[in-house]
């Protein structure tokens, strides 16, 4: 069965158009806290009790389709991201990972070979006070995705 209509060529959808990228430190949820604990055990590190939301605002959030776009920061593939009203976001628990990829170009790829540069770069990790009181005052994920 041919999925093309007579006289019309099927075109691949355009990648999303990103307009801004921000990193926001948030108060970790219960699930985040459990994941941070597992990561600490596995890596023998002591990650801070904070999560980072990387928000990528899009000109238009694409409709859900079978065709997906992989997001990359430099050469690093973002394994999973989610949608919010104004774009997409992903979470990071290790500030060193963010620092390591600071300035990395945000790119989309449909096939892992051809990339579309968004013109945006991963910003610097925001500095924040690391006292227990300051961490308790961090916004929630819900607040930063409003």
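Across the stretch 38-66, the residues whose backbone nitrogen lies under 20 Å from the label position 7 Å along the beta-carbon direction of residue 83 are 54-66. Between 0 and 90 degrees, the angle of helix 30-43 with respect to the longest Cα principal axis of the chain falls at about 80 degrees. Rounded to the nearest 500, the 222 nm mean residue ellipticity of the chain from helices alone is -5000 deg cm²/dmol, with -39,500 (n - 2.57) taken per DSSP H run of at least 4 residues. Overall dimensions of the stretch 96-146, expressed as equivalent-ellipsoid semi-axes from the Cα gyration tensor (√(5λ), whole Å, largest first), are 31, 15, 9. When every Cα-Cα distance of the chain is counted in 5 angstrom steps from zero, the calculated P(r) takes the values 2, 8, 17, 19, 18, 13, 10, 5, 3, 2, 2, 1, 0, 0 percent. A straight chain from residue 20 to residue 42 at 0.36 nm per residue would run longer than the Cα-Cα distance by 4.6 nm.
Of 18, 49, 132, the residue with the greatest mean-square motion in the GNM of the chain, using alpha carbon springs below 10 Å, is 132. For the stretch 55-138, the relative contact order is 27 percent, taking Cα pairs closer than 8 Å that sit 6 or more residues apart in sequence and dividing their mean separation by the residue count. Entry note, the chain: relative contact order of 29 percent, from Cα contacts under 8 Å with a spacing of 6+ residues. With R₀ set to 35 Å, the beta-carbon distance separating residue 135 from residue 67 gives a calculated FRET efficiency near 0.30.
Available extension along the chain between residue 59 and residue 127 is 21.7 nm, counting 0.36 nm per residue and deducting the alpha carbon span.
Taken together, the values in this text are just the output of simple stated rules run on the coordinates, not laboratory data. Quick caveat, the model's predicted, so the values are computed rather than measured. Neighbour counts run over all protein chains shown; Cβ positions are idealised from the backbone, glycine included.
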